[in-house]
Amino acid sequence: MAANNSNFNDDEFLKHFYAIMYTIILIPGLIGNILALWIFYDYRKETKRAVIFMINLAVADLAQVLSLPLRIFYYLSKSWHLGKGFCMFCFYLKYVNMYASIYFLVCISVRRFQFLMHPLKFSDCKRIYDMYICIAGWIVVCIGCLPFPLLRLTSNETWASDKCFVDLPLKTADDPISIAMMSLDEFRRRLSRQDLQDSIQLNNMRYGNTDSPSQISIIG
């Protein structure tokens, strides 16, 4: 009985902690990302500062911030009233936004490296290349994050309709599903890395860069 009470108290503490932290993040995150989009919009035709990647990064972060009020309300009220479908969508969106942010941060870092190491060769990059990289990134991330909601139980017998987020039950996957999920995740990782390498090689060929393949693989 004492152990059960201890687990219950720990769970209550964590939920209140989540609610407080999300509230602290909400206001500056909302204001900061809206201001970032407003500023980046004026520089959307600029390629030297990787503005297209920054815009997509701000969109991913803003989408994550906009879902925080739902999480705050759930952790304070301890009940979900918006349906299982919307719960799974919010749960899925969290991982999409998180990995999309990582992807675009990598893109920004690679672009900055190109401009620092070869400022003349990459001073005239076309914006359309950045847009293709962003579209490919969103597709890869959305597909790669599918295992997260798929590994959660959705049957009425095992999932209370008023539970969501951290309280979602975890499905025990059989061997074929586990192998498929791991293969899909590995494919997502390799495709993301290959997409960055291809973009670097494309720019290198266009501007006559003579960097060795080993340098390109390290960047990717």
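Please treat every number below as a calculation from the coordinates, not as lab data. A quick note: this is a predicted structure, and the numbers were derived from the prediction, not measured. Cβ sites come from the backbone with ideal geometry, for glycine too, and all protein chains shown count toward neighbours.
A simple count of charges around Tyr92, restricted to other residues whose Cβ falls under 14 Å of its Cβ and scoring Lys, Arg +1 and Asp, Glu -1, yields +4.
Once the Cβ-Cβ distance of Phe13 and Ser109 is raised to the sixth power relative to R0 = 30 Å, the FRET efficiency obtained is 0.20. For Arg152, the amide hydrogen comes within under 5 Å of the amide hydrogens of Lys171, counting only partners 5 or more places away or on other chains and with H modelled in the peptide plane. If R0 equals 45 Å, the separation of the Cβ atoms of Leu82 and Asp42 corresponds to a calculated FRET efficiency of about 0.80. Each label point was placed 7 Å from the Cα along the Cα-to-Cβ direction; for Leu150 and Leu35 their separation is 4.1 nm. Net charge of the neighbourhood of Ile34, taken over other residues with C-beta under 15 Å away and scored Lys/Arg +1, Asp/Glu -1, is -2.
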